[in-house]
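The block underneath contains the structure these notes are about, expressed in structure tokens.
Just so it is clear, none of the values below were taken in a lab; they were calculated from the coordinates. This structure is a prediction, so every number in the text was calculated from the model and none was measured. In this analysis, Cβ positions are derived from the backbone assuming ideal geometry, glycine residues included, and neighbour counts consider all displayed protein chains.
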Amino acid sequence: MASHYNTLLRLAKKHLEVLKKLRVAVKELASKSELQALAKKLGVHADQVARYYLLWGDEDEVVRFFQAKPPPKSIRVNTLKTSVDELVERLSRKGVKLRRSDLVPYGLIVEECPYTSLAALHEYLKGMFHIQGLASMLVVPQLEPEKAEVVADLCCGAGGKSTQIAQHNPSSPVLAMDCNERKLLALKLHASRLGVYNVVAVKDDARRVYVYGPFDRVLIDAPCTGEGLRPFPGKAKPRSFEDVVSRVELQVELLVSALLALSRPGILVYATCSTAVEENELVISTVLKVFKNVEVVEPSIPVGERCIAEYGPLSFEGEVELCRRLYPHKQGLEGFTIYKLVLQ
Amino acid sequence: MLLLSKFPKPCPYHVVEALAKAFSCYGMNLLKTIKEENIELLCAFTPKYYVEVFAAKNRVHELLAQRYEVLLETLFSAGIHIARLTREGHRVILLLGALELLRGRFSRGYVVIKGKGVKAFLYGRDVLQESIECMEPFDSSECLGNPVLVCDEKKEPLGWGRVAKKGGRLTILNVLDLGWYLRCGV
């Protein structure tokens, strides 16, 4: 299996040569004085302005993106322990103003909270809810976890999505992998707090997931630049082109390994909290060139936009457009890109 | 703690027996509960003299058994960590995870606290007499060494405590509370 993985990876990475062409286009655009002035005004790297100008071709749109306000806080009701109605009632009595989300049945938007932190609420400590962004909550349902036999959640972090999967399916095992021990400890505590009995935490490099398979569902919330989280305090880092593409190889490696671990028929959801084309369309397009039996299925998410077909000197096959892109300045959600792949 | 030095497997009889006895102090039938919930108790033996007990769905145990070789070196945890025992099973330490199993199933060995006492307890502090609503004692002298289950007026578990007298007044000494999930700094 390891040699098969290495072969596929070698083939896939050849297609990443297009990044050289893209780099030239981005740097050329970034060197223009008007874009440099705009970058300085926005407090970002000129490469970033260039990349988003390549994406939209509209300076006003670029400004709106970089000046987007943070989306409102939201929480995920833990339906293993309580109902949405009950939690709304309990928290309302404590002065927390909540609004139900149209997008996620167990998502609540926090309009007002008299406490310094939502985590200070007793209901949080009792495991009745988890603090999670709405866009992040949209990812798990695409996996159709209710029908899953065994799920893998790669780069699971502290387990927000692992525990959400368990909420949909409290019986089937969820193998949550991460290489960071501290995050796995956080996951272990969240599982305890939320009353989740079916998550198995594994400390390993998620690129080795093919060793642990097969799985009929795989979720990759890939390590990324987090450009979609820019509006949040402390997340707006200036990023050069090199910085953005530094994770692309890792993302391709994760996706190749995940597809090898997926049984047939199986569903893989690839998601990033990034709006960078390099980390999404390019990664999917690259891997589809070596996996011919994978179908891209449009996610059933009622908001957002489809993915991009053309980006500077790059153009992508038609099915690569079948994803969901969410933007802070358009949908008022964290920036996210979500792909659903089905292995036939 | 962290990586389990010995792979978690279904707990041996003497461990299950010790746990069942501990849970029965609170009026809960552990064996009945785990059967109803399709839960398996898994034990991992640490290098020292403890056994770490996890409660996980049956299918988790099946997965661990099927993929034993690949998971042997990398398994971090499975299900909910509910207890720690000495290897002989003489001393059972019920953890925060055990509260999950006990939720809605306990009938004795608990104290109900109210008002400011709840806040204080969840901050890791002891609870004074004026915040104690009521107590339901253990019904066996064998249970007297166990901590009491501390809950709020909704009978929702908040943690573990010990009943003591301080300055002639009843006090619930904090042993472990749900606030630890935040204070532990992870």
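For this structure, a couple of remarks:
- The dipole here belongs to segment A:83-217: it is taken about the Cα centre, uses +1 on the Cβ of Lys and Arg and -1 on the Cβ of Asp and Glu, and is about 380 debye.
- Within the shell of other residues whose beta carbon sits under 10 angstrom from the beta carbon of residue A:177, the net charge comes to -1, with Lys and Arg scored +1 and Asp and Glu -1.
- Peptide B:54-62 is shielded by partner chain Cβ atoms: per residue, an average of 5 of them sit within 10 Å of its Cβ.
- Total charge dipole magnitude, segment A:99-167, about the Cα centre, Cβ charges on Lys, Arg, Asp, Glu only, Debye to nearest 20: 100
- Dipole orientation for segment A:1-95: of the candidates A:67, A:79, A:6, A:6 has the Cα lying most toward the positive pole (charges on Cβ; Lys, Arg +1; Asp, Glu -1).
- Couplings for segment B:106-112, taken from phi via the Karplus curve 6.51 cos²θ - 1.76 cosθ + 1.60 with θ = phi - 60°, read 9, 9, 7, x, 9, 10, 9 Hz in order; Gly and Pro are left as x.
- Proximal charge balance of residue A:56 [Cβ under 13 Å; K/R count +1, D/E count -1]: -2
- Unit charges on C-beta of K, R, D, E only; dipole of segment A:186-344, Debye: 600
- Relative contact order (%) - segment A:140-257, alpha-carbon pairs under 8 angstrom, separation at least six: 28
- Residue range of chain B that is longest and free of GluC sites (Glu not before Pro) which are both DSSP loop and sparsely packed (at most 16 other C-beta within 10 Å): B:89-152
- Shape of chain A, Cα gyration tensor, a/c cut at 1.5: oblate
- Gain in span if fully extended, residue B:14 to residue B:88, counting 0.36 nm per residue against the direct Cα distance: 25.9 nm
- Net charge contributed by nearby residues that have their C-beta within less than 15 Å of residue A:6 (K/R +1, D/E -1): +2
- For segment A:264-281, the Karplus equation 6.51 cos²θ - 1.76 cosθ + 1.60, evaluated at θ = phi - 60°, returns couplings of 10, x, x, 10, 10, 10, 10, 9, 9, 8, 9, 9, 6, 4, 4, 8, 10, 4 Hz by residue, with Gly and Pro reported as x.
- Table column - 3J(HN,Hα) (Hz), segment A:13-21, Karplus curve with 6.51, -1.76, 1.60, x for Gly and Pro: 5, 4, 6, 7, 4, 4, 4, 5, 4
- Charge-dipole axis of segment A:202-327 as Lys and Arg at +1 and Asp and Glu at -1 on Cβ define it, positive-most pick from A:234, A:327, A:299: A:234
- Inter-chain shielding of B:64-76 (mean C-beta neighbours from other protein chains, 10 Å cut-off): 4
- Inter-label distance, residue B:21 to residue A:24: 7.9 nm, where each label sits 7 Å from its Cα along the C-beta direction.
- For segment B:1-82, applying the loop criterion from DSSP together with a ceiling of 10 other beta carbons within 10 Å to the trypsin sites (Lys or Arg not before Pro) yields B:48.
- Our note on the geometry: Cα centres of segment B:49-71 and segment B:136-186, 30 Å apart.
- Reduced Cα scattering model of segment A:246-344, Debye log10 I(q)/I(0), q = 0.13, 0.16, 0.23 Å⁻¹: -0.42, -0.64, -1.29
- Taking 4.7 Å between beta carbons as the limit, the unpaired Cys residues of the protein assembly as shown are A:113, A:155, A:156, A:179, A:224, A:273, B:134, B:151, B:184.
- Cα→Cβ-extended label distance, 7 Å offset, between residue B:62 and residue B:125, nm: 5.0
- Note on A:120-130: average number of Cβ atoms from other chains within 10 Å of each residue's Cβ is 4.
- Spatially, segment A:144-196 and segment A:206-271 are offset by 16 Å when compared through their Cα centroids.
- The residue among B:145, B:161, B:120 whose Cα reaches farthest toward the positive pole of the charge dipole of segment B:103-186, with charges on the beta-carbon of Lys, Arg, Asp and Glu, is B:120.
- Residue A:3 paired with residue B:70, simple spin-label distance in nm, labels 7 Å along Cα-to-beta-carbon: 1.9
- Measuring between their Cα centroids, segment B:25-40 and segment A:288-344 lie 46 Å from each other.
- The relative contact order of chain B comes to 18 percent, based on Cα pairs under 8 Å that sit 6 or more residues apart.
- Secondary structure note: in the protein assembly as shown, about 75% of the DSSP beta bridges are antiparallel.
- Within segment A:306-324, backbone nitrogen closer than 15 Å to the virtual label 7 Å beyond the Cα of residue A:298 toward Cβ: A:306-309, A:318-324
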